[in-house]
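Worksheet: the structure to be examined is printed underneath.
The values are calculated or read from the model by the stated rules, or taken from the named source; none is laboratory data. Model, not experiment: these values are computed from the prediction. Please note: Cβ atoms are built from the backbone with ideal geometry, for glycine as well, and neighbour counts cover all protein chains shown. Calculation scope for accessible area: heavy atoms of the full protein, side chains included, ligands and nucleic acids excluded. Shrake-Rupley method; radii C 1.70, N 1.55, O 1.52, S 1.80 Å.
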Amino acid sequence: MNDDLAGFVADVGPSGPVCVRGGGTQWHVGGAVASAATTVWAPIGVVEYEPEEMTVIVGAGTPVADLHVQLALAGQRTNLVESPGSSVGGALVVGRDGVHTLGRGRARDALLQARYVSAEGALVTAGGPTVKNVTGFDLCRLLVGSLGTLGLLGEVILRTQPIPAAARWLQGEVDDPRVVARTTRTASAVLWDGTTTWVHLEGHGTDLDTDAAALPGAFVEVDGPPTLPTHAWSMAPAELVDLDPSATGPFVAEIGVGTVHATAPCPPVAVPDALRRLNQSVRDRFDPDRRLNPGRDPLAA
Amino acid sequence: MRLRRRQAAVVPDDPCTAALVDALGVHKVKVDGASRYLAARDASVYRDGAAGPVCYPETADEVAACVRIAARHDRAVVPRGAGTGLAGGTVPLGTPVVIATTRMNRILDVNLDNRVVWVEPGVINLDLTRHLLPMGFHFAPDPSSQQVCTIGGNVANNSGGPHCLAYGVTSAHVVAVDVVLPSGEQVRLGGVEPHQPGYDLRGAFVGSEGLLGIATRVAVRITPNPPAVATLLLSFDDVEKAATAVGAIIAAGMVPAALEMMDSRIIAAVEHHVHAGYPLDAAAVLLVEVDGPAAGVAADAARVGEIGRAHGATEVREAVDEHERALLWKGRKGAFGAIAVIKPDYYLHDTVVPRRALVEVLTAIYEIAARHDLIVLNVFHAGDGNLHPLLVFDGREPGTMPRVHAAGREIIEASLAAGGVLSGEHGIGVEKRDFMNLQFSDDDLDAQARLKAAFDPHCRANPGKVIPASHSCADIQALQRVPDGVWG
Ligand SMILES: Cc1cc2nc3c(=O)[nH]c(=O)nc-3n(C[C@H](O)[C@H](O)[C@H](O)COP(=O)(O)OP(=O)(O)OC[C@H]3O[C@@H](n4cnc5c(N)ncnc54)[C@H](O)[C@@H]3O)c2cc1C
């Protein structure tokens with residue numbers, strides 16, 4: 001366990017297979033880590049938080065839920081997924097979005113700066129501390145979803161968002177769930193299981209009332225979204241209404257986004273050769289010996 | 001800045017040009033002096049570029065053919081959009097083959113359920129938004145140059161604009177890019193489906209300033225037009241009060257669609273030019289726009305007004321109708337045109353600082369300009385701390401350019417010292433390449449060079465930009481040397 005960045009750099013060192021463990025909640029994504037790897041833990045804790053900058057500096061080992069508790073004191077949050085035990089670094093390197101992508105944007109846009117340990121054991125800074133920055137290549141986007149194969153996240157600066165004044169989940173039945181996404185202006189999520197539609201509205205209370213009143217059909221307020229099946233499929237949003245439940249099994253689809261939470265595992269997606277080579281070439285340049293999280297492969301995720 | 005124009009002699013029958021003409025046809029390859037003169041510059045102050053043959057491909061396959069032919073003849077390639085870049089990104093170094101996307105300007109497919117539009121890279125930013133208007137959508141990134149700049153240029157520079165405060169810069173609005181790699185291979189990075197296997201190479205490509213390949217098709221995310229909009233003009237008798245109000249608005253939990261600041265000099269220039277109704281006695285104004293569903297907009301607009309008054313605003317004016325709103329924005333967006341009345345030349349800077357440092361850095365900028373005997377005007381994206389100090393001068397007056405460059409360097413240093421970054425939206429190009437070492441360590445730059453090497457192992461795409469000589473794959477000195485056979 002580490003609470004400082006220098007200690008984390010020392011733990012990773014310059015050689016030998018190594019993996020970072022966050023909360024271990026997404027440990028299966030993109031393959032299992034080779035068993036010979038040394039396990040290291042990234043620093044934990046909020047380093048600096050200034051609500052008026054709408055940024056927070058946080059150790060990558062910090063649980064997302066703990067971070068969100070602190071941010072909520074100032075009426076803010078991030079758009080990282082908060083699953084029990086998941087760490088900030090883990091949520092970033094897995095890069096999965098939460099169900100509120102429609103309204104809150106994608107997890108990959110949350111990362112402003114990353115200080116990570118490279119395969120050579122050097123502490124590297126990608127990105128910058130400000131909310132807007134186009135200085136040099138955007139390595140932060142590359143790190144999100146990298147499964148820790150290009151560098152090991154030590155400390156990050158995240159963009160925060162204000163928590164809206166009002167929010168509610170509604171549930172109802174409509175012929176075409178796309179109409180719900182089209183008619184509401186405050187929806188952060190529209191979920192659909194083939195029969196039932198759930199919508200999460202957030203914003204100014206009066207606007208929520210307006211949106212709720214305009215919903216097609218009868219909607220009732222509920223406590224939260226349905227339980228999501230464990231596998232994630234990915235489709236063009238326009239194709240969701242035609243999805244084949246005999247392939248996915250029982251599902252919950254994110255309307256307007258394209259993610260389908262399915263009971264059946266997603267069949268492997270074909271990756272064109274040129275794209276596969278480019279991915280490998282990136283990994284070769286950043287970690288020629290494959291010492292960082294060996295065994296995990298973003299192409300398999 | 002050199003006043004002599006340099007042009008390397010490119011003869012139509014040189015083998016590379018001959019092969020390009022063979023592949024594309026004679027009407028899509030230009031080697032005349034005028035074409036190469038135009039392709040040698042952009043909107044930056046850099047005049048040392050020298051273009052080789054200028055190609056106007058119409059399809060991705062033609063772009064790939066150009067890239068392959070250039071590689072075969074050991075020539076670099078430089079993609080070019082509208083040439084409005086302010087960092088010299090498309091200024092060709094070492095007489096490369098220039099690949100202009102202006103003829104690839106079709107909007108290919110609009111899918112409202114996907115909220116995605118496929119466009120060719122030469123589509124003009126505002127043309128896309130105009131096309132979407134009747135459908136109730138727009139393309140959110142709105143650079144002030146949007147009437148002329150291309151989506152390809154926006155992607156390459158990860159461009160921003162006033163409305164990117166709430167909506168995010170270009171990267172957040174690009175879901176996929178079809179790219180011709182420096183090898184000539186074609187790949188799709190990203191996709192319309194939300195999850196894609198592998199690294200986010202789409203994200204790495206956006207903002208890569210033409211150094212990782214050439215975009216031939218772009219899938220952009222489109223944004224529904226807001227049902228309600230309120231535009232407010234807050235006047236202050238003191239710049240510091242205005243800057244403090246910016247922080248207070250954000251701290252109150254609002255993210256306005258736009259939050260722009262203008263100082264008294266720019267107000268005077270704009271009023272003279274556009275008659276937008278800005279108060280001539282104000283030291284600074286904030287142009288604040290909130291948008292979204294009606295009730296939230298009304299509540300936020302009221303709070304912005306209250307916060308402004310609490311921080312000493314001398315006047316709070318809300319645009320009463322679309323006409324007044326358009327006029328207020330016309331003043332802001334026309335600011336750069338307006339400064340011509342002061343001096344003929346300008347150098348627009350672009351750094352970002354934390355919002356808390358706005359007052360400190362603005363004060364430093366006024367001081368730096370005064371010390372170098374230059375006029376500086378400030379009109380910028382205050383909401384995200386993105387400063388745009390505008391130095392105006394007459395380049396014909398002897399001894400001016402060294403002062404302009406010295407002041408520029410000090411502005412950059414002051415921004416970095418306050419915890420800021422080199423560029424918020426214009427990019428690095430040639431302009432800030434040699435400042436990269438001020439923000440990044442050797443190890444940081446090494447990581448950037450690795451990404452470049454993964455895409456472009458032979459260093460063929462837009463060499464000599466972004467990465468400083470210490471880490472560049474290109475021999476920057478050789479690139480900047482006057483090529484053989486120069487005339488002009
Ligand atoms: C008056 C004025 C106001 C401006 N306001 C803003 C503003 O508010 N916000 C902002 O962000 N910028 C602004 N700019 C800067 C500029 O307009 C943007 O950077 C714009 O995105 C550049 O687009 P372009 O088509 O002119 O690209 P160019 O200048 O032609 O090229 C820019 C870069 O993109 C590369 N490139 C072009 N096309 C491709 C392609 N298809 N594939 C790969 N690389 C490519 C070039 O090699 C170069 O590196 C302004 C400029 C001016 C002159």
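Brief remarks on what is shown
- Karplus 3J(HN,Hα) series, Hz, for region A:141-148 with 6.51 cos²θ - 1.76 cosθ + 1.60 (x for Gly, Pro): 4, 5, 6, 5, x, 7, 6, x
- If you plug the beta carbon distance of B:A18 and B:A478 into 1/(1 + (r/R0)^6) with R0 = 30 Å, you get a FRET efficiency near 0.75.
- Using the Karplus relation 6.51 cos²θ - 1.76 cosθ + 1.60 with θ = phi - 60°, the per-residue 3J(HN,Hα) values for region B:136-148 come to x, 10, 8, 9, 5, x, 10, x, 4, 8, 4, 5, 10 Hz, with x marking Gly and Pro.
- Whether region B:343-417 is rounded, prolate or oblate, judged on the alpha carbon gyration tensor where a/c under 1.5 counts as rounded: prolate
- Residues along region B:110-141 losing 40 Å² or more of accessible surface when the other protein chains are present rather than the chain by itself (probe 1.4 Å): B:D113, B:N114, B:R115
- Cα gyration tensor, the protein assembly as shown - rounded (a/c under 1.5), prolate or oblate: rounded
- Note on B:201-214: average number of Cβ atoms from other chains within 10 Å of each residue's Cβ is 4.
- Taking 22 Å as the limit for the C-alpha separation, the pairs B:K330/B:K465; A:K132/B:K432; B:K432/B:K452 exceed it in the case of B:K330/B:K465.
- Chains B and A together, accessible area buried on both sides, 1.4 angstrom probe, square angstrom: 5900 Å²
- Residue-span extension gain [A:D209 to A:E48] - 0.36 nm each, minus C-alpha spacing: 54.2 nm
- At full extension, A:A65 and A:T227 could sit 56.4 nm farther apart than now, given 0.36 nm per residue minus the alpha carbon distance.
- The Cα center of region A:35-65 and the Cα center of region B:231-276 differ in position by 35 Å.
- Highest mean first, the peptides A:282-295, B:56-69 sorted by other C-beta atoms within 10 Å per residue fall in the order B:56-69, A:282-295.
- Helix A:205-214 and the longest principal axis of the C-alpha atoms of chain A enclose an angle of approximately 60°.
- For B:G89, residues with placed amide H under 5 Å, excluding near neighbours: B:V430
- Database remark: amide H of B:G94 closer than 5 angstrom to the amide H of B:A50 (H placed geometrically; neighbours at sequence offset of 5 or more, or on other chains; Pro and chain starts carry no H).
- Around the amide H of B:A283, modelled in the peptide plane, lie the amide H atoms of B:F236, B:D237, B:D238, all under 5 Å away and 5 or more residues distant in sequence or on another chain.
- Spin-label pair A:A167/A:V220, simplified geometry with 7 Å Cα→Cβ offset, distance in nm: 2.3 nm
- Tilt relative to chain B, helix B:400-417 - C-alpha long axis, 0 to 90 degrees, to 10: 70 degrees
- Note, ³J(HN,Hα) from phi for region B:266-277, Karplus 6.51, -1.76, 1.60, rounded to Hz, x at Gly and Pro: 6, 4, 4, 5, 5, 4, 4, 8, 10, 6, 7, x
- Cα gyration tensor, region A:68-108 - rounded (a/c under 1.5), prolate or oblate: oblate
- Estimated FRET transfer efficiency when R0 is 51 angstrom, pair B:L38-B:A310 (beta carbons, to 0.05): 0.50
- Overall Cα dimensions of chain A - principal axes, largest extent first, Å: 61, 45, 33
- Span from the region A:70-104 Cα centroid across to the region B:179-222 one, whole angstrom: 26 Å
- Axis of helix B:60-72 versus longest Cα principal axis of chain B: the two differ by about 60°, to the nearest ten degrees.
- Spacing of the two label points (7 Å from each Cα toward its C-beta) at B:R72 and A:R290, in nm: 3.6 nm
- Label zone of A:D244 (point 7 Å out along Cα→Cβ, amide N under 18 Å): in region A:260-289 this covers A:260-270.
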